[in-house]
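Below: the structure, in structure tokens.
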Amino acid sequence: MGLVEKIKHVKVNTMEIVEHRQVMILGGGPAGYTAALYAARADLKPLLVTGMTLYGQASQTTCIENYPGFPEGVDGNDLGRRLDDQAKRFGAEVIYDSVQCVYLQQRPFKVCLSGGNYTADSLIISMGASARKLNVPGEKELTGRGVSFCATCDGAFYREKDIHIVGGGDSALEEALFLTRFARSVTIIHRRDQLRAGAILENRARSNPKIKFIWDSVVREIIGEEKVTNLRLENVKTGQQEIIPSDGVFISIGHIPNTGVLEGQLKLTEHGTIEIDGHMETSVEGVFAAGEIADPIYRQVVTSAGMGAAAAISAIKYLASIGEADIARVN
Ligand SMILES: Cc1cc2nc3c(=O)[nH]c(=O)nc-3n(C[C@H](O)[C@H](O)[C@H](O)COP(=O)(O)OP(=O)(O)OC[C@H]3O[C@@H](n4cnc5c(N)ncnc54)[C@H](O)[C@@H]3O)c2cc1C
């Protein structure tokens, strides 16, 4: 009897039945599903745990125009369903549950879900990140209708519009400069009277005729019925409020990688993302990470999917090295 059979359905204590997998994938966005596809095609019968956002962040947009192979663009949910079909076709199993805890200091690794516990020889962590929110009235209601968290994704929808961007760091300025390709004007709203961005970016932004600044101000409300029409701002020094017209607002105040359930168990970077090497391996051997949870820079569907493929290939090689997979079956 192989190791897998031996520890399948073992009682680890009086209460819990543990099911064992060679590889589990934690998170069901583009990174996780692509990892599942590759692991399934290597006959590893991976188990993917979706979490609460089925198909990941991309499901929040109706038009992804920059994912290769879809010249007319693709609805985020549609893409998610296709990824799901493709991974399942090769034997991936998908479970609609959330990871509650992970134990990486024991072998095999242990993963607890709301509906039961599992052990796994290797893990691919792809739980993504969440854009930091302003948490003001109108933000949630108008997301996708004038409120955006991704300039690269949505910039092209704002041709010849007068838009705003909230934030004062490198990302906010990079996004503002990118948005000037489309928008008539881009106004940066920043809570301080100076930027936190690097000097080169700041000089570029300041010398761009399309970019304006509103200093010492925060957004208190995003206003609109069908789409964003106005912003209510407050000057943090004077307390004075004003309502200004706006065709759209990009919120660029950072991303929070979804690492909560991993706390203290593997190394993180200064950005709060999981530290990985060139093989997508984390500081714990046999644990790989892919997509936005390990990527503070690119944050795209295509880059996340690519990282998912790379993580799965590395996991297959790792499993082969410990005698749990056939290295010939990588693709
Ligand atoms: C509104 C919007 C529009 C976008 N438009 C585009 C676009 O046009 N083009 C583009 O390239 N990119 C776009 N992006 C960015 C793109 O969606 C992300 O880069 C991509 O989805 C990241 O993929 P991921 O798999 O790393 O993580 P995510 O998509 O964040 O998926 C993470 C997954 O992990 C799961 N998860 C989280 N916590 C747990 C847990 N505890 N247990 C189990 N599972 C968990 C979630 O349920 C989710 O399924 C957009 C993002 C947003 C928000």
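Which residue, of Tyr96, Tyr103, is within 12 Å of the ligand (Cβ to nearest atom) and closer than 30 Å to Ala320 by Cα?
None of the other options fit; the residue is Tyr96.
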Self-check item: In segment 152-179, residue most open to solvent (accessible area, probe 1.4 Å) [restricted to those that are more than 25 Å from the chain's Cα centre (by Cα) and free of Cβ contacts under 8 Å to residues at least 60 places away in the same chain]
Solution: Arg159
Practice problem: Given the conditions (1) open to solvent by less than 10 Å² (accessible area, probe 1.4 Å); (2) within 22 Å of Pro296 (Cα to Cα), report the number of the one that Val186 does not fulfil. | Solution: (2)
Exercise. Show the residue pairs that are 6+ apart or on different chains and have beta-carbon atoms under 7 Å apart, the first residue being within segment 117-144 and open to solvent by 30 Å² or more (accessible area, probe 1.4 Å), the second being among the small types (Gly, Ala, Ser).
Key: Met127/Gly27; Met127/Gly51; Arg132/Gly254
Exercise. For segment 56-79, enumerate the residues that are near the ligand (Cβ under 9 Å from one of its atoms) and in contact with a Pro (Cβ under 8 Å, 6 or more places away or on another chain).
Key: Gly56, Ala58
Exercise. Determine if segment 138-152 includes at least one residue that is assigned by TED's automatic domain parsing to the domain that holds Arg232, assigned to a helix (DSSP H, G or I) and within 13 Å of the ligand (Cβ to nearest atom).
Key: yes
Self-check item: Test for Ile251: is it touching a Phe, Trp or Tyr at 6+ places or on another chain (Cβ under 6 Å), at pLDDT 95 or above and among the β-branched types (Val, Ile, Thr)
Solution: yes
Quiz item: Hey, Gly198 hits all of (1) surrounded by fewer than 17 Cβ atoms within 10 Å (Cβ to Cβ); (2) within 25 Å of Ile293 (Cα to Cα); (3) within 12 Å of the ligand (Cβ to nearest atom); (4) not charged (D, E, K, R) but one; which does it fall short on?
Solution: (3)
Practice problem: Give the number of residues within segment 294-310 that are in a loop (DSSP other than H, G, I, E, B), more than 8 Å from the ligand (Cβ to nearest atom) and touching a residue at least 12 places away in the same chain (Cβ under 8 Å). | Solution: 1
Quiz item: How many residues are out of contact with any Gly (no Cβ under 6 Å at 6 or more places or on another chain), open to solvent by 20 Å² or more (accessible area, probe 1.4 Å) and not acidic (Asp, Glu) when one looks only at segment 74-98?
Solution: 12
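Give the number of residues within segment 26-84 that are outside any loop (DSSP other than H, G, I, E, B) and under 19 Å from Tyr96 (Cβ atoms).
Number satisfying all stated conditions: 27.
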Quiz prompt | Some residue of segment 287-295 being modelled with pLDDT under 95, open to solvent by less than 40 Å² (accessible area, probe 1.4 Å) and within 30 Å of Val186 (Cα to Cα) | solution = no
Practice problem: Specify which of the listed residues (Glu225, Glu242) is within 29 Å of Glu65 (Cα to Cα), outside the structural domain of Tyr33 (by TED's automatic domain parsing), open to solvent by 60 Å² or more (accessible area, probe 1.4 Å) and away from the ligand (no atom under 16 Å from the Cβ). | Solution: Glu225
Quiz item: Hey, among the residues in segment 1-58 that are among the small types (Gly, Ala, Ser) and surrounded by fewer than 24 Cβ atoms within 10 Å (Cβ to Cβ), which one's modelled with the lowest pLDDT?
Solution: Gly2
Exercise. Considering every residue within segment 262-270, establish whether at least one is within 16 Å of the ligand (Cβ to nearest atom), at pLDDT 95 or above, touching a strand residue (DSSP E or B) at 6+ places or on another chain (Cβ under 8 Å) and open to solvent by 60 Å² or more (accessible area, probe 1.4 Å).
Key: yes
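Quickly run through segment 288-322 and pick out the residues that are of a type in the set (Ser, Thr, Tyr) and more than 15 Å from Asn258 (Cβ to Cβ).
Tyr298, Thr303, Ser314, Tyr318, Ser321
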Exercise. Determine whether Asp154 is more than 20 Å from Ala35 (Cα to Cα) and acidic (Asp, Glu).
Key: yes
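The values are calculated or read from the model by the stated rules, or taken from the named source; none is laboratory data. All values reported here derive from a predicted model rather than from experimental measurement. Counting neighbours? That spans all protein chains shown, and the Cβs are built from the backbone with ideal geometry, glycine included. Note: accessible area is taken over every heavy atom of the protein model, side chains too, but ligands, DNA and RNA are not part of it. Shrake-Rupley method; radii C 1.70, N 1.55, O 1.52, S 1.80 Å.
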